[in-house]
Amino acid sequence: MTRPDDDARLRVVVGISGGIAAYKAVGVVRGFVLAGHDVHVVATEAALRFVGRPTLEAISRNPVWTDLYEGVAEVRHVSIGQSADLIVIAPATANTLAKLAAGIADDLLGNTVLASSAPLVVAPAMHTEMWENPATVANVAVLRERGVHIVGPASGRLTGQDSGAGRMAEPDDIVAAALAVLLPQDLAGRRVLITAGGTREPLDPVRFLGNRSSGAQGVALAEAARDRGAQVTLLAAHLEVPAPHGVALRTVETTAELAAAVADAAAEADIVIMAAAVADYRPAEVADSKLKKESMGDEFALRLIRNPDLLAGLTSGTLAPRRPGGQVVVGFAAETEQDDQALLALARAKAERKGVDYLVVNRVGWQEGFGTGRNAVTVLDRAGSIVGEAAGDKLSVAHRILDVLV
Ligand code: CTP
């Protein structure tokens, strides 16, 4: 991830209460630090029985606060909360949830929360019986009502031999959910269809023609759209990165399968973003059994047949005749051209040829674009004018692309 510039750098308070999942809070702290934010840990006395202060100080790169009677001259019991942009409590024990619901301020964490107007994100962790206890259920309902964001808990193996609901959500998911709370919900109610990855065309049962797309930019777009409130469908062709939670996922193999899936899903999408690298050709024949060198000889010519252009088919109405009015269609163009002006000329011609509303252009090469966490793109509109530019990690590039669409 790139470090956000100073404006985007958040002051995040991570509250840790005393449950065994406190050891995983180190991952939460680290996630915010790696995302470039300024992290201040407020741990309860009980939390420090589970995880060491030096660990938290090393990872957060700031002192860890616990005691209500430390830093009194700086009025620390309220100043930490007042200056926070975001408060995340992970793990939140049943006791902490109860105290939060009642507004109890008998420790530094309670004071910090009460003194803050920042969004509060809480990741509960406890045994299933405690999570399902009517007292906890009522406390969680009160917190939700008050606008507190509850992340998890997940179901799974608990501390003892038991398993069930109550496991703290994974640190990366907590960080992502917490940062999403601060995003504008400017895609709320929108249905966004995204294709990602690269289609593969089989030659025989063990071989295929494919491309180097990892799907990372398409997945980042799906995450960004989801976090901004969209209802996302992701058509995934051979992703090399994990698919995001909270989106409707359909996997496809070939261009023909992707075509069918796009035709189906585009009928109910307000925005279609075609980030997948689509195989332009497929072998004329697909062998039923493995091709053998004895029959192929020293030279072997492969006859290929052109696949249809899905994007052009979509915009011309031949692929999916029933599309919602006003649907916005976004194409991608990955080009190896090194000269900036020549690259733009290629892209403008492609935007026109494909009839898209927007075209996202990026340069690819042996070392560029594919498989890296970063990207640099230029966004053109239908007329070929530059309407956006972004460079950075793929998630921030995804947000800049969505900014243009919004
Ligand atoms: N695309 C598509 N169907 C195809 C090929 C590409 O829908 N058969 C889409 C891609 O998803 C992408 C855009 O078209 O959004 C541009 O893909 P690209 O491979 O750059 O374009 P091509 O038409 O294949 O042009 P080129 O001759 O440069 O390969």
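The values are calculated or read from the model by the stated rules, or taken from the named source; none is laboratory data. This is a predicted model, so every value here is computed, not measured. All Cβ positions, even for glycine, are placed from backbone atoms using ideal geometry, and neighbour counts span all protein chains on display. Accessible surface is based on the protein model in full, side chains and every heavy atom, while ligands, DNA and RNA are left aside. Shrake-Rupley method; radii C 1.70, N 1.55, O 1.52, S 1.80 Å.
Is it true that SER396 is away from the ligand (no atom under 16 Å from the Cβ), surrounded by fewer than 20 Cβ atoms within 10 Å (Cβ to Cβ) and modelled with pLDDT of 95 or more? Break it down into steps so the answer makes sense when it comes.
On the way: away from the ligand (no atom under 16 Å from the Cβ): yes; surrounded by fewer than 20 Cβ atoms within 10 Å (Cβ to Cβ): yes; modelled with pLDDT of 95 or more: no.
In short, no.
Of the numbered conditions (1) touching a Leu at 6+ places or on another chain (Cβ under 9 Å); (2) at pLDDT 95 or above, ASP227 satisfies every one except a single condition; which is it?
For ASP227, the exception is condition (2).
When the residues of the range 305-330 are narrowed to those that are under 29 Å from LEU203 (Cβ atoms), more than 7 Å from the ligand (Cβ to nearest atom) and not aliphatic (A, V, I, L, M), which ends up surrounded by the fewest Cβ atoms within 10 Å (Cβ to Cβ)?
Here the residue is ARG306.
Answer yes or no as to whether ASN95 is in contact with a Leu (Cβ under 9 Å, 6 or more places away or on another chain), open to solvent by 20 Å² or more (accessible area, probe 1.4 Å) and not aliphatic (A, V, I, L, M).
no
For ARG167, all conditions in the list (1) touching a residue at least 12 places away in the same chain (Cβ under 8 Å); (2) outside the structural domain of ALA248 (by TED's automatic domain parsing); (3) surrounded by fewer than 21 Cβ atoms within 10 Å (Cβ to Cβ) hold save one; what is the number of the exception?
Failing condition for ARG167: (3).
Somewhere in the range 236-259, is a residue within 23 Å of ALA169 (Cβ to Cβ), within 16 Å of the ligand (Cβ to nearest atom) and within 13 Å of the chain's Cα centre (by Cα)?
Within the range 236-259, not a single residue is within 23 Å of ALA169 (Cβ to Cβ), within 16 Å of the ligand (Cβ to nearest atom) and within 13 Å of the chain's Cα centre (by Cα).
Using the structure shown, decide if VAL406 is within 13 Å of the ligand (Cβ to nearest atom) and touching a residue at least 24 places away in the same chain (Cβ under 8 Å).
no
With VAL113, VAL88 as the choices, which residue is in a helix (DSSP H, G or I) and in contact (Cβ under 8 Å) with a residue 40 or more places away in the chain?
Details: VAL88 fails: in a helix (DSSP H, G or I).
It is VAL113.
Starting from residues that are within 16 Å of SER213 (Cβ to Cβ) and part of a loop (DSSP other than H, G, I, E, B), keep the ones in the range 226-242 and report whichever is most open to solvent (accessible area, probe 1.4 Å).
Within the range 226-242, the match that is most open to solvent (accessible area, probe 1.4 Å) is GLU240.
Could you list, in sequence order, the residues of the range 9-23 that are touching a residue at least 40 places away in the same chain (Cβ under 8 Å) and surrounded by fewer than 22 Cβ atoms within 10 Å (Cβ to Cβ)?
Correct list: LEU10, ARG11, GLY18, ILE20.
Where in the range 243-338 are there helices (runs of 4 or more DSSP H), lying fully within it, with 1 or more residues that are more than 30 Å from GLY388 (Cβ to Cβ) and basic (Lys, Arg)?
In the range 243-338, 293-296 are the helices (runs of 4 or more DSSP H) which contain 1 or more residues that are more than 30 Å from GLY388 (Cβ to Cβ) and basic (Lys, Arg).
Quick check on my filter: what residues within the range 331-342 are open to solvent by less than 40 Å² (accessible area, probe 1.4 Å) and either in contact with a Gly (Cβ under 7 Å, 6 or more places away or on another chain) or farther than 21 Å from THR195 by Cα (or both)?
Answer for the range 331-342, where residues must be open to solvent by less than 40 Å² (accessible area, probe 1.4 Å) and either in contact with a Gly (Cβ under 7 Å, 6 or more places away or on another chain) or farther than 21 Å from THR195 by Cα (or both): just ALA342.
Can we say PRO119 is within 20 Å of VAL181 (Cα to Cα) and not basic (Lys, Arg)?
Against the criterion (within 20 Å of VAL181 (Cα to Cα) and not basic (Lys, Arg)), PRO119 qualifies.
Being at pLDDT 95 or above and open to solvent by 70 Å² or more (accessible area, probe 1.4 Å) is the requirement here; does GLU45 meet it?
Taking the combined requirement at face value, the residue satisfies it.
Have a look at GLY152, GLY81, GLY156 and point out the one that is assigned to a helix (DSSP H, G or I) and within 24 Å of GLY27 (Cα to Cα).
Of GLY152, GLY81, GLY156, the one residue that is assigned to a helix (DSSP H, G or I) and within 24 Å of GLY27 (Cα to Cα) is GLY81.
Pick out the one residue from ALA390, ALA347, ALA333, ALA351 that is in the same structural domain as ILE273 (by TED's automatic domain parsing), touching a helix residue (DSSP H, G or I) at 6+ places or on another chain (Cβ under 6 Å) and within 14 Å of the ligand (Cβ to nearest atom).
Testing whether each residue is in the same structural domain as ILE273 (by TED's automatic domain parsing), touching a helix residue (DSSP H, G or I) at 6+ places or on another chain (Cβ under 6 Å) and within 14 Å of the ligand (Cβ to nearest atom) leaves just ALA333.
Just to be sure before I move on: is VAL364 within 15 Å of the ligand (Cβ to nearest atom), within 19 Å of GLU223 (Cβ to Cβ) and either more than 18 Å from the chain's Cα centre (by Cα) or open to solvent by 50 Å² or more (accessible area, probe 1.4 Å) (or both) in the structure I sent?
Values: within 15 Å of the ligand (Cβ to nearest atom): yes; within 19 Å of GLU223 (Cβ to Cβ): no; either more than 18 Å from the chain's Cα centre (by Cα) or open to solvent by 50 Å² or more (accessible area, probe 1.4 Å) (or both): yes.
Spelling it out, it is not the case that VAL364 is within 15 Å of the ligand (Cβ to nearest atom), within 19 Å of GLU223 (Cβ to Cβ) and either more than 18 Å from the chain's Cα centre (by Cα) or open to solvent by 50 Å² or more (accessible area, probe 1.4 Å) (or both).
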